[in-house]
Amino acid sequence: MEQINPQTPGDGPRMADPALLRVIGRHSLGWLVAANAIGLLLAALLLWPELNAPLAPLTYGRWMPLHLNWQLYGWCALPLVGVLVYYYLPDDARATWAARLALGSWSGALLYGGLTWLGGQTSGKPFLDWTGSARFAWSLALLILWLVLVTQGRRRGLGPWWAKGLLTALFPVPFLLYWAAGPKIYPVVNPDSGGATGASLLGSTLGLLAIFGLLPWLLRLAPREGSRPRRVFAAALALTLSCFAGISHGHASHHQLDQIIGLGLLLAWIPLVWLYARSFEWRADSRRWLGAAFVWWALLVGTGLLTFLPGISERLKFTNALVAHSHLAMAGLVTSLHVALLLNLGRGRPLRAWTFWAWQLGCGVQVAALLWLGWREGADPFLLSVRGGLADACYGLRFIAGGVMLVTSCLWWWDLGRKIHEPQKN
């Protein structure tokens, strides 16, 4: 294979500043640890509801926004931010300082948002819970990140046309999120929607697939084999977008055949994306994490399609089964993928091998326990109020598994944040 010049922006791998990699790892995994710790507290409050009394007014409802938003805007977002920083910023102390500013602003806004949510300031909008001064702080943090990417990226070279186009597309994001978080834009509960539809789920997933398609290029992974998997990926994305445009939108029902077919199209994407991912050279220690992400994705799509079907959807809606499905997505798919991303940012301390299995097993136990509880709950909602019964058994399994996952994430934070001691040269 022809050697690629690593100094050419956008055309090959790079040796990033180790200090920069530690900053990305510490901020990303720090929020995973924080969100997991709050998740363990929430699991304890479900298992022992009487603990809410001594915590008042900081009871279950006050902590839930922190868990959801710190997972989404912290752990689920910062590794992707790290990929952007890795791609655009040069390898020097000035760029590392700028990265600290951007990631520090991001984490500062998340911390401030957490204080406002604990204080009861919330919009009630799922996953868009920025209100009051926290809304401004969050948008400002996004704008600071964009300015760092542009100013520091110009020093290094912004790369090919698609890299410049990506930065241009990211510019309005801080303003759009500020606008969307406003109380008058759309109601917390939309009376014109029956909930998630095949069109909405397909559309959001196609956006995620487009992001995944960019990741190997932003990571500057060396292509392997031929270009056929990458061409098939691009063609399939265009074809699926046309199918998405052809099915009904808006107030659609899960009883409509086109909605079921639209969601079912995602099953075909699993082997396509796997072939696409294999057409790049991923770091050896990241490959099993990437493989685990695909296993969780297959389970996510398969169970998502089943729970969308008429009859099953009615039984599982508003039960712990949907919580299990969110764990499949966040703790299973997203976490496995994001650990793989962090490992591909550059050479760092290796993660302890056993933590891979500890995380996967803990996630599997949580998902299985909550899915079973949700299935039984749909037929007999009263079982949630019976102490010492099935609900407590499932919540107990969830608590134990959550403890294992919290310890595991703490070890990742420690390992990826430590310095590598290079051997001294004579």
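The values are calculated or read from the model by the stated rules, or taken from the named source; none is laboratory data. Fair warning: this is a prediction, and the values are worked out from it, not measured in the lab. Don't worry about glycine lacking a Cβ; one is built from the backbone with ideal geometry, like all the others, and counts go over all protein chains shown.
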ask   = Would the range 379-391 turn up any residue that is without any contact (Cβ under 8 Å) to a residue 60 or more places away in the chain, in contact with an Asp or Glu (Cβ under 9 Å, 6 or more places away or on another chain), in a helix (DSSP H, G or I) and buried (at least 17 other Cβ atoms within 10 Å of the Cβ)?
value = yes
request  = Determine whether Leu21 is under 30 Å from Asp91 (Cα atoms) and in contact (Cβ under 8 Å) with a residue 60 or more places away in the chain.
outcome  = yes
inquiry  = I'm trying to understand the selection: among the residues of the range 392-404, which are surrounded by 15 or more Cβ atoms within 10 Å (Cβ to Cβ) and under 24 Å from Ile312 (Cβ atoms)?
reply    = Cys394, Tyr395, Leu397, Arg398
query = Of (1) without any contact (Cβ under 8 Å) to a residue 12 or more places away in the chain; (2) closer than 18 Å to Cys76 by Cβ, Trp357 satisfies all except one. Which?
reply = (2)
ask   = Of all residues in the range 406-420 being under 19 Å from the mean Cα position of the chain (by Cα) and at pLDDT 90 or above, which is surrounded by the most Cβ atoms within 10 Å (Cβ to Cβ)?
value = Thr408
ask   = Name the residues in the range 202-256 that are β-branched (Val, Ile, Thr) and either at positive phi or crowded, with 17+ Cβ neighbours inside 10 Å (or both), would you?
value = Thr205, Thr240, Ile247
query = Can you pull out the helices (runs of 4 or more DSSP H) entirely within the range 114-231 that have at least 2 residues that are hydrophobic (A, V, I, L, M, F, W, C) and closer than 30 Å to Pro310 by Cβ?
reply = 198-218
inquiry  = Are there helices (runs of 4 or more DSSP H) fully within the range 264-348 with at least 1 residues that are over 18 Å from the mean Cα position of the chain (by Cα) and farther than 19 Å from Pro79 by Cα? List them.
reply    = 287-308, 312-316, 320-327
Failed criterion for Thr116 (all others in (1) closer than 25 Å to Leu337 by Cα; (2) among the β-branched types (Val, Ile, Thr); (3) surrounded by fewer than 23 Cβ atoms within 10 Å (Cβ to Cβ) hold) = (1)
inquiry  = Could you go through the range 109-130 and let me know if any residue there is over 20 Å from Ala34 (Cα atoms) and modelled with pLDDT of 95 or more.
reply    = no
ask   = When you look at Ile38, is it surrounded by 22 or more Cβ atoms within 10 Å (Cβ to Cβ), of a type in the set (Val, Ile, Thr), within 21 Å of the chain's Cα centre (by Cα) and at pLDDT 90 or above, yes or no?
value = no
